[in-house]
Amino acid sequence: SVWKGLPHRSTWCSVTAISGPDTMHVIYGGTFDPIHHGHLRLALEVSEALEVSRVHLVPSHIPPHRGNTGASAAQRLEMIRQAIAGEPALALDEQEVRRGGASYTADTLRQLRAELGPDCPLVMVVGTDAFSSFDRWREWQEIPGRAHIVVVRRPGSELPVGSEAAQLVAERCVGSASELHSRPAGQVLELAPPLLDISATGIRRRIAAGRSPRYLTPDDVCRSIRAW
Ligand code: ATP
């Protein structure tokens with residue numbers, strides 16, 4: 001069969017082993033309420049496109065004023081742990097939940113930069129839907145100094161022409177992932193991997209209507225949702 005010919009994961013990783021130690025740190029943030037196969041596939045696509053051995057999922061802490069319609073922070077962490085169990089390319093970073101309050105990417109990147117040191121390439125992954133309002137993020141002007149930005153094109157969410165986000169892409173855009181490995185921060189790479197048309201909002205709606213979320217998110221996550 002086709003699958004028989006697929007190399008084992010360790011063979012994939014040897015590509016990066018040849019080009020030296022793989023130190024680039026990649027984060028992918030979101031509310032993950034709940035995490036679903038759209039998020040998981042994207043994280044894996046990004047790890048392969050950037051040739052890194054791991055992508056760190058960073059769930060944000062939902063501030064109290066957002067209400068309690070979705071899952072608690074503890075539940076969202078638990079679902080992520082279940083979803084990535086056994087997948088070495090995906091890891092969970094709990095720092096925003098631990099910090100509490102409103103989660104700002106600028107704070108997260110400052111903390112990671114302090115931990116990783118000034119020379120380690122650091123990347124944040126963001127979809128065009130979230131990145132469109134980049135100039136309304138807290139301390140957004142500091143962000144390119146702290147990390148590279150990988151912008152994932154989501155169908156139906158183009159960056160508004162003339163926006164700060166579009167301008168940043170135009171000014172800092174590089175053509176390949178290898179250019180991110182060669183500097184600690186400051187560049188933008190656009191990716192357009194195949195995406196699954198799944199949203200957490202759609203899953204929450206289904207659950208509220210008594211319908212099944214199965215096959216949109218891993219079975220273990222479905223079981224937890226049912227148990228809650
Ligand atoms: P919600 O429906 O509650 O807004 P969501 O499913 O869009 O949630 P978020 O946690 O808000 O998920 O998204 C975090 C990040 O994941 C964003 O950068 C977003 O662009 C990206 N993302 C969300 N859904 C998908 C998907 N199906 N494929 C790829 N990326 C996605």
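Each reported figure results from applying straightforward, stated rules to the coordinates on display, with no laboratory input. Just so you know, these numbers come straight off a predicted model, no measurement behind them. Here the Cβ is made from the backbone with ideal geometry for all residues, glycine too, and neighbour counts use every protein chain on show.
Of everything in the range 89-107 that's part of a loop (DSSP other than H, G, I, E, B), within 15 Å of the chain's Cα centre (by Cα) and of a type outside the set (Ser, Thr, Tyr), which residue is surrounded by the fewest Cβ atoms within 10 Å (Cβ to Cβ)? Spell out the reasoning first.
At the first step, the residues of the range 89-107 found to be part of a loop (DSSP other than H, G, I, E, B) are 89, 93-94, 100-104.
Filter once more, so that each one left must be within 15 Å of the chain's Cα centre (by Cα): 89, 93-94, 103-104.
Imposing the further condition that a residue be of a type outside the set (Ser, Thr, Tyr) reduces the set to 89, 93-94.
Working: Ala89: 17, Asp93: 20, Glu94: 15.
Filtering the range 89-107 for residues that are part of a loop (DSSP other than H, G, I, E, B), within 15 Å of the chain's Cα centre (by Cα) and of a type outside the set (Ser, Thr, Tyr), the one surrounded by the fewest Cβ atoms within 10 Å (Cβ to Cβ) comes out as Glu94.
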Quick count over the range 93-115, residues being touching a strand residue (DSSP E or B) at 6+ places or on another chain (Cβ under 7 Å) and not polar (S, T, N, Q), is 6
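The rows are residues; the columns are (1) in contact with a helix residue (DSSP H, G or I) (Cβ under 6 Å, 6 or more places away or on another chain); (2) in contact (Cβ under 8 Å) with a residue 60 or more places away in the chain; (3) under 24 Å from Ala71 (Cα atoms).
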| site | (1), (2), (3) |
| --- | --- |
| Leu116 | no, yes, no |
| Val126 | no, yes, yes |
| Gly145 | no, no, no |
| Gln187 | yes, no, no |
| Gly202 | no, no, yes |
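Of all residues in the range 141-172, how many are out of contact with any Ser or Thr (no Cβ under 8 Å at 6 or more places or on another chain), under 23 Å from Gln111 (Cβ atoms) and within 14 Å of the ligand (Cβ to nearest atom)? Before the answer, list the steps.
Going through the range 141-172, the residues out of contact with any Ser or Thr (no Cβ under 8 Å at 6 or more places or on another chain) turn out to be 141-142, 144-150, 155-156, 161-162, 164, 166-172.
Filter once more, keeping what is under 23 Å from Gln111 (Cβ atoms): 141-142, 144-150, 168, 172.
Then drop every residue that is not within 14 Å of the ligand (Cβ to nearest atom), which leaves 149-150.
The qualifying residues number 2.
Quick one: is Ala85 more than 15 Å from the ligand (Cβ to nearest atom), small (Gly, Ala, Ser) and either surrounded by fewer than 15 Cβ atoms within 10 Å (Cβ to Cβ) or over 15 Å from the mean Cα position of the chain (by Cα) (or both)?
Working: more than 15 Å from the ligand (Cβ to nearest atom): yes; small (Gly, Ala, Ser): yes; either surrounded by fewer than 15 Cβ atoms within 10 Å (Cβ to Cβ) or over 15 Å from the mean Cα position of the chain (by Cα) (or both): yes.
In short, yes.
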In the range 22-53, what count of residues is obtained for those that are of a type in the set (D, E, K, R) and over 17 Å from Pro184 (Cα atoms)? 4
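Name the single residue, out of those in the range 108-140 being assigned to a helix (DSSP H, G or I) and more than 16 Å from the ligand (Cβ to nearest atom), that is nearest to Val188 (Cα to Cα).
Taking the candidates together, the pick is Asp135.
Answer yes or no: is there a residue in the range 192-200 that is in contact with a helix residue (DSSP H, G or I) (Cβ under 6 Å, 6 or more places away or on another chain), more than 13 Å from the ligand (Cβ to nearest atom) and either of a type outside the set (S, T, N, Q) or part of a loop (DSSP other than H, G, I, E, B) (or both).
We begin by selecting, within the range 192-200, every residue in contact with a helix residue (DSSP H, G or I) (Cβ under 6 Å, 6 or more places away or on another chain); these are 193, 196, 198.
Retained after the next criterion (residues that are more than 13 Å from the ligand (Cβ to nearest atom)): none.
No, the range 192-200 has no match at all.
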State whether one or more residues within the range 165-173 are surrounded by 15 or more Cβ atoms within 10 Å (Cβ to Cβ), out of contact with any helix residue (DSSP H, G or I) (no Cβ under 8 Å at 6 or more places or on another chain) and among the β-branched types (Val, Ile, Thr). yes
